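K.L.:
Sharing a structure below in structure tokens format, with a few things to ask.
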Amino acid sequence: MSTPLLSVRDLQKSFPAADGPVPVLQGVTFDLAAGQTLALTGESGSGKSTLLHIVGGLDTADGGAVRLGETEVTALDDRGRAALRRSRVSVVFQQFNLIPSLDVGANLAFQARLAGRHDPAWCDTLARRLGLAGHLSKYPEQLSGGQQQRVAIGRTLAVRPELVLADEPTGNLDEETGSRVVDLMLELVAETGAALLCVTHSTALASRMERRLVLSRGRVA
Amino acid sequence: MIGATLRALLSHWWRRPFQLVTLMVGLATATALWSGVQAINAEARASYDRAATTLAAGARPRLVADGPIPQRTYIALRRAGHDVSPVLEGSAAGLRIIGIDPFTLPPDDLPQDTGAGSIGPDFIGEPGQLLVAPGTEVPDSLPPATEAEGIPPGAAYADIGTAQRVLNRPGELSALIIAGPSSMTAPPIADIAPTLRRTGGTTTTDVSRLTGSFHLNLTAFGFLSFAVGLFIVRGAIGLAFEQRRGVFRTLRALGLPRGTLLALLSAELLILSLVAGAIGIALGYLVATLLIPDVAATLRGLYGAEVAGELTLRPAWWLSGFAIATLGTAIAAAASLWQTARMPLLAPANPRAWSRASAQALWLQAGAAALCLAVAAVAWGIGGLAAGFVLLGGLLLSAALALPLILRIVLRAASRTAQGPRAQWFWADAEQQLPGLSLALMALLLALAANIGVGTMVSSFRLTFTGWLDQRLAAELNLRAETEVQADEILAFLGPRVDAILPIRSTELPLAGAPAQLVGVADHPTYSETWPLIARQPDTWERVNAGDAALINAQLARRNDLWPGAMLEIAGRDMLIAGVYSDYGNPRGEAMVGLERFDTLFPDIPALSFSLRLDPAGIEDLTRDLRDRFDLPESNIMDQASVKRASLAIFERTFTVTGALNVLTLGVAGLAILTSLLTIATMRLPQLAPVWALGFTRRRLAMLDLGRAVMLAALTFVLSLPVGIALAWVLLSVINVEAFGWKLPLRLFPLDWLRLLVLSLLAAALAALVPALRLARTPPSELLKVFAHER
Amino acid sequence: MNARITRRALMLTALPGLAHAQGFAGLGTASRGFAEPAPDPTFRFPADHGPHPNFRIEWWYVTANLTGPDGTDYGIQWTLFRSALAPRDGSGWSTPQAWLGHAALTTPDTHRATERLGRGGIGQAGVTVDPFEAWIDDWQMAGPSLTDVRLTAAGEDFAYDLSLRTDMPFVPQGVGGYSVKSAEGQASYYYSQPFYAVEGTLILPTGEIPVTGRAWLDREWSSSPLAETQTGWDWFSLHLSTGEKLMGFRLRDRDGPPFTSATWILPDGTPSPYEDGALTAEPLETSRVADRDVPTRWRLRLPARGLDVEVAAVNPNAWMDLLYAYWEGPVRVSGSHDGMGYLEMTGYE
């Protein structure tokens, strides 16, 4: 763990509220090595999702630094963060993941094509492995929740990102479906060599990760 | 219960004020344009009614003679029990003096009262008084002048006695107006004054027919604007109903009867429509006030000032404004009310994405479009003016209804063949947005098609009209003498000064059973080389000049299906029709024969009118000489250039209003796009957030949204082009023929289309700008909320 | 609409004699330059049968009660008004003398009325004395003298052609022909010929009807006959079966009691004038005519002559729907005396 893939240092973030700013992150610091999996847990409002969003270039920090490899994520502008999201960091959300106007095949390949590294063979593999081969010309609304989430995972991995971020990926799924989706996700993440940062409040899910980080009131507990 | 229910229903609007504004703006705009046009039409019609009975229009029948009418003939007719009123016209010091007798002239024929400018005791007696249009210069040599509204420029009304003095024509009258019915014991006029001829008002252009075309355009536009506005209303109401499905269900579940719910919803809509209607009527009044000066100028040009320059608020008008607003709301809400009425009690409370039309619905709509097209086709087959309008409406409606399906097919094809994920998403997302935008795009299609259609018609008309004027006004000067003696003197004077003198003689007579005019013309290249023939036989002019054939105007030809080769009885003599000529603006039939033939048919009709051919450079001098020497009234000498100038000026003025309405209609369509985009903007976040998360900047998404709106507008424009051309064709070849008896060739004006394309893209871009800017500034946290657990 | 107002304005100026229908607008005021009637006139006939251009207004007013072969009652009116814009005569179009004719034919069921306008000086309308001729357009009252005239008028849907004859003298009204119209002293010159015997023909769309009867001519001229506050009049001319005649009028006043005046005429033509108050006229019943209530049954009393009669319209709907509208039609008299007559009512707006 000499040069971590992801390095988070003293991260600060607060949200405006009626009676002054409410601090959400108050100096979070941690590292994540390439290929490593990390569960980020904590009670509601502990700042898990915010942390994930800042790491993923979806939101900006008030202070501190996030570094991904050689890139200072917290120093990127809008355009730079968009580029980061396209090719290096990829997010699996709890729901509303997919582009409703595109069919499954297009959704699966979308990010890879955006990033300019579309590999049809890899996409086929992913589709097969995720059990989506028979659904490629369907639209997201025609899929079940578990299928939708599998498409999201496939899309995420199709781009072969350095870091996969997942925000309660099984939150909307029943236990059995969720467990199968997690199996697939971990298996495929391991195959691509990506690191995984997974926000969850499920201990079952957290226990499947190599490391576990607990966030409490905006600090690493 | 009702109060609480109503509050529950109405609270929706307060929570979504933007929807309320959209509904109000749509309905008010629709009502405004419709009622504005109605106000203009009503004002114009009132003006025509006045003008039709005024002296200047000459609509009342008159008694005329070949020369002046002695005053004693007038007295003899009055004393025999005939209600005639004397007129003496002539020119003095550059003014056209119109002498009238306020005692015997029908009250409606008198120049309009303007308080100070009214006819009072000073009007009769000496020195008398002239009534002139405001701003008219009156030399000191004439009696004192008072300005009054409704007097044609360059004319002065005076008492008949004053006119006789000023014109130095004591005891002479130029015409007797038949002012009213004669006494039941009165002997026939012919027994008292055998030399007088009765003429039925104006013999040239019946302007009200020409302006009929103008009002047709206005009405069609008003209706279209209204229809376009209704699309906005439909969108707003549909959305409001969908979003309240949960409320409806809850209310029903709590025991509110279906009928009460529907009644309350209807009441709510009625209130909204009345408020919007009131705003619309006020706006319509404003629109009409802004447009009426142009209309007034048009009518002034056509009529010589018998126009009210300002608007009268007629109860019928604002009542109809409310009626149309309510009716429009009812039409727009009908489907929503119907769905609500049929909604099962346990229907899902979640708003079905109302903007998401299924493919089945699209095909259903396309089926309706096909039905409209079929109706239009049947109407075409039937023929007639009403059917012409059905054809027009069916065509437009079917195009609008078919638009969503066509766009969907085009967008799907584009997304299939798109290269790259961005392009693919761009097209796919456009397709997804389509249901929410289709009402606005249908409105845009209507507006564009109408613009193209009417624009093409106007431009075709203008081109044809200009060419026709050149042909019909080939002679440099047209002249009319007052008497035969004067005609002889003028001819003697003109002899060495012009290249050719072409006598024109005319009389009124029935042709094919309807009042018409027969004209005798000379054998001269002026006619044979330029006359605007639209159908002819070989040797047309040889046969006409030889006296065995006649030419007829298109109106007569079309009305009676008489074309070259057919025979027509003229004054008891069967004559071959050798050609048909276009005769725009003339509502009546007309036939032309050679001068010699005319002479043998009507030897008693004096030759008073002449066309003169001369070097155009000499027109001005000759006109002045003729006026000075023969004291001819202004209207008796007309030079080609000024007639043409005046006609074209009238034409252009006529269509400035059309142009303004064009822009307004397009504006309403732009508004429809804006409101639709704003409405779907909130629903679009779940569609945009994943794309943003995958690496698009908000700026880029906004640009793409803007581009999408412009692209959709462009596609709609492309589709509206054939519809507009078809519309123009219907207007030119069906409506005009049915309404006025003349057919105009269709010409295409690609440059106009280009301008319209730019304008519509601009309108779409402008409409998309606000939602796009809002998107570009959406905080990431808003986008992230889409993925948030609590959603 | 505006043109109509113009015309009204013109006629109002030109024909103040008819302005009563407009509420007597401005009549009590300026009559600048016009002659004014003076008491104790001496009429000179036939000269005074002709126009008096120095006076502002003047009329030749004929009404006749006629009977058809089947006993049906008819009435006709023939009136020629003269109105001067300036107190002078003149020839040609610039004459200040304007003329207005009213003609009506009333049956028990119908009432037809029409009007004619024109100006003097050009031959369209006027009055000459010897031989007598009063005319406007095709209407005329003409004959060797005013005691022997042919009276004709026609409209779109009616006409009449009557001969009027009498041997009786003309009867001065008021005091020797000086008729006072208000307490302030407004007055006119006024004489009548109530003794005409009539025979002739009425022409209606349904055909011609031979008639006989009695006619009454009023001649009156003045310059400002009414006070400003007087709002209208009710004017009676009655032929009683005794051979006696009664002329009576009631001028309604905005600010006070009406002003009445009457003349009792014996069968030999001897007049007895009665001053304000001697005659009373009391409306008994109104009819809805042309959207207004007009009294069409009256009680008329002249105690000095033992007269107490009811006067009722033959046709209550005798509305003169002309530029200046008023009510005028034949009436029947019953009570202390029997008879026929005519009633004119103005100012019922």
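The values are calculated or read from the model by the stated rules, or taken from the named source; none is laboratory data. Note that the coordinates shown come from a computational prediction; the quantities given were computed from them, not determined experimentally. Every residue, glycine as well, gets a Cβ built from its backbone with ideal geometry; the counts of neighbours run over all protein chains shown.
K.L.:
Mind counting the residues in region A:114-132 that are within 14 Å of chain B (Cβ to nearest Cβ) and of a type outside the set (D, E, K, R)?
P.N.:
Final tally of qualifying residues: 6.
K.L.:
Give A:S87, A:S101, A:S137, A:S49 a once-over and let me know the one that is more than 9 Å from every other protein chain (Cβ to nearest Cβ), among the polar types (S, T, N, Q) and out of contact with any Leu (no Cβ under 7 Å at 6 or more places or on another chain).
P.N.:
After ruling out the rest, the residue left standing is A:S137.
K.L.:
Here's something else I'd like to know. Taking B:W541 as the residue in question, decide whether it is crowded, with 17+ Cβ neighbours inside 10 Å, in contact with a Pro (Cβ under 6 Å, 6 or more places away or on another chain) and outside any loop (DSSP other than H, G, I, E, B).
P.N.:
Spelling it out, it is not the case that B:W541 is crowded, with 17+ Cβ neighbours inside 10 Å, in contact with a Pro (Cβ under 6 Å, 6 or more places away or on another chain) and outside any loop (DSSP other than H, G, I, E, B).
Yes or no, residue by residue, for (1) out of contact with any Leu (no Cβ under 9 Å at 6 or more places or on another chain); (2) free of Cβ contacts under 8 Å to residues at least 40 places away in the same chain; (3) buried (at least 22 other Cβ atoms within 10 Å of the Cβ):
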site	(1), (2), (3)
B:Q360	yes, yes, no
B:W363	no, no, no
B:C372	no, yes, no
B:A376	no, yes, yes
B:A402	no, yes, yes
B:L444	no, no, yes
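K.L.:
In region B:723-743, is there at least one residue being over 30 Å from A:T200 (Cα atoms), within 14 Å of chain A (Cβ to nearest Cβ) and crowded, with 16+ Cβ neighbours inside 10 Å?
P.N.:
no
K.L.:
Just to be sure, is A:F110 of a type in the set (F, W, Y), in contact with a Lys or Arg (Cβ under 8 Å, 6 or more places away or on another chain) and within 20 Å of A:D167 (Cβ to Cβ)?
P.N.:
yes
K.L.:
Kindly check whether there is at least one residue in region C:48-60 that is surrounded by 20 or more Cβ atoms within 10 Å (Cβ to Cβ), modelled with pLDDT under 90 and within 14 Å of another protein chain (Cβ to nearest Cβ).
P.N.:
yes
K.L.:
Let me ask another. Would you tally the residues in region C:127-157 being within 17 Å of B:A80 (Cβ to Cβ) and not basic (K, R)?
P.N.:
13
K.L.:
I need the full set of residues from region C:315-343 which are of a type in the set (V, I, T) and surrounded by fewer than 24 Cβ atoms within 10 Å (Cβ to Cβ), in order please.
P.N.:
C:V333
K.L.:
What tally of residues in region B:412-433 results from selecting those that are facing chain A (nearest Cβ under 10 Å) and part of a helix (DSSP H, G or I)?
P.N.:
13
K.L.:
Find all pairs meeting these conditions: Cβ atoms under 9 angstrom apart; at least six residues apart or on different chains; first residue within region C:68-93 and at positive phi; second residue surrounded by fewer than 18 Cβ atoms within 10 Å (Cβ to Cβ).
P.N.:
C:G92/B:P170
K.L.:
Something else about it: Which residue, of B:G171, B:G161, is at pLDDT 90 or above and touching a Phe, Trp or Tyr at 6+ places or on another chain (Cβ under 6 Å)?
P.N.:
It is B:G161.
K.L.:
Shifting gears a bit: Considering C:F195, C:F170, C:F158, which residue is touching a strand residue (DSSP E or B) at 6+ places or on another chain (Cβ under 9 Å), over 30 Å from B:G125 (Cα atoms) and within 13 Å of another protein chain (Cβ to nearest Cβ)?
P.N.:
Selected residue: C:F158, the only one of C:F195, C:F170, C:F158 that is touching a strand residue (DSSP E or B) at 6+ places or on another chain (Cβ under 9 Å), over 30 Å from B:G125 (Cα atoms) and within 13 Å of another protein chain (Cβ to nearest Cβ).
K.L.:
Could you list all residues from region C:134-162 that are crowded, with 17+ Cβ neighbours inside 10 Å and of a type outside the set (A, V, I, L, M)?
P.N.:
C:W135, C:D137, C:D138, C:W139, C:Q140, C:G143, C:T147, C:T152, C:G155, C:F158, C:Y160, listed by residue number.
K.L.:
Within region B:750-759, is even one residue in contact with a Ser or Thr (Cβ under 7 Å, 6 or more places away or on another chain) and away from chain A (no Cβ under 14 Å)?
P.N.:
yes
K.L.:
Okay, moving on. What tally of residues in region B:685-708 results from selecting those that are more than 7 Å from every other protein chain (Cβ to nearest Cβ) and among the hydrophobic types (A, V, I, L, M, F, W, C)?
P.N.:
8
K.L.:
Another question, if that's okay. Pick from C:D255, C:D276, C:D308, C:D293: which is modelled with pLDDT under 95, among the acidic types (D, E) and in a strand (DSSP E or B)?
P.N.:
After ruling out the rest, the residue left standing is C:D293.
K.L.:
State all residues of region C:258-267 that are touching a residue at least 24 places away in the same chain (Cβ under 8 Å) and over 17 Å from the mean Cα position of the chain (by Cα); if no residue qualifies, say none.
P.N.:
The answer is C:F259, C:W264, C:I265, C:P267.
K.L.:
Which of the residues spanning region B:106-147 are among the aliphatic types (A, V, I, L, M) and either modelled with pLDDT under 80 or crowded, with 24+ Cβ neighbours inside 10 Å (or both)?
P.N.:
Once the filter is applied, which keeps residues that are among the aliphatic types (A, V, I, L, M) and either modelled with pLDDT under 80 or crowded, with 24+ Cβ neighbours inside 10 Å (or both), region B:106-147 yields B:L110, B:A116, B:I119, B:I124, B:L130, B:L131, B:V132, B:A133.
K.L.:
Take the conditions crowded, with 24+ Cβ neighbours inside 10 Å and under 11 Å from A:L165 (Cα atoms) and apply them to A:V89. Does it pass?
P.N.:
The answer is yes for A:V89.
K.L.:
Quick one: A:P16 ticks every box in (1) in contact with a Leu (Cβ under 8 Å, 6 or more places away or on another chain); (2) within 14 Å of chain B (Cβ to nearest Cβ); (3) not β-branched (V, I, T) except a single one, so which number is it?
P.N.:
Unmet for A:P16, out of (1) in contact with a Leu (Cβ under 8 Å, 6 or more places away or on another chain); (2) within 14 Å of chain B (Cβ to nearest Cβ); (3) not β-branched (V, I, T): (1).
K.L.:
Quickly run through region B:82-105 and pick out the residues that are of a type outside the set (D, E), touching a Gly at 6+ places or on another chain (Cβ under 7 Å) and facing chain C (nearest Cβ under 9 Å).
P.N.:
Matches in region B:82-105: B:F103, B:T104.
K.L.:
Restricting the search to region B:284-314, which residues are at pLDDT 80 or above and surrounded by fewer than 18 Cβ atoms within 10 Å (Cβ to Cβ)?
P.N.:
B:L286, B:T289, B:L290
K.L.:
Please determine, by comparing only the residues of region B:504-513 that are touching a strand residue (DSSP E or B) at 6+ places or on another chain (Cβ under 6 Å) and of a type outside the set (S, T, Y), which one is surrounded by the most Cβ atoms within 10 Å (Cβ to Cβ).
P.N.:
Ranking the qualifying residues of region B:504-513, first place goes to B:L511.
K.L.:
Here is a list of conditions, (1) touching a residue at least 40 places away in the same chain (Cβ under 8 Å); (2) within 14 Å of chain A (Cβ to nearest Cβ); (3) closer than 30 Å to A:G116 by Cβ, and B:I680 meets all of them except one; can you say which number that is?
P.N.:
Of everything listed in (1) touching a residue at least 40 places away in the same chain (Cβ under 8 Å); (2) within 14 Å of chain A (Cβ to nearest Cβ); (3) closer than 30 Å to A:G116 by Cβ, B:I680 misses just condition (3).
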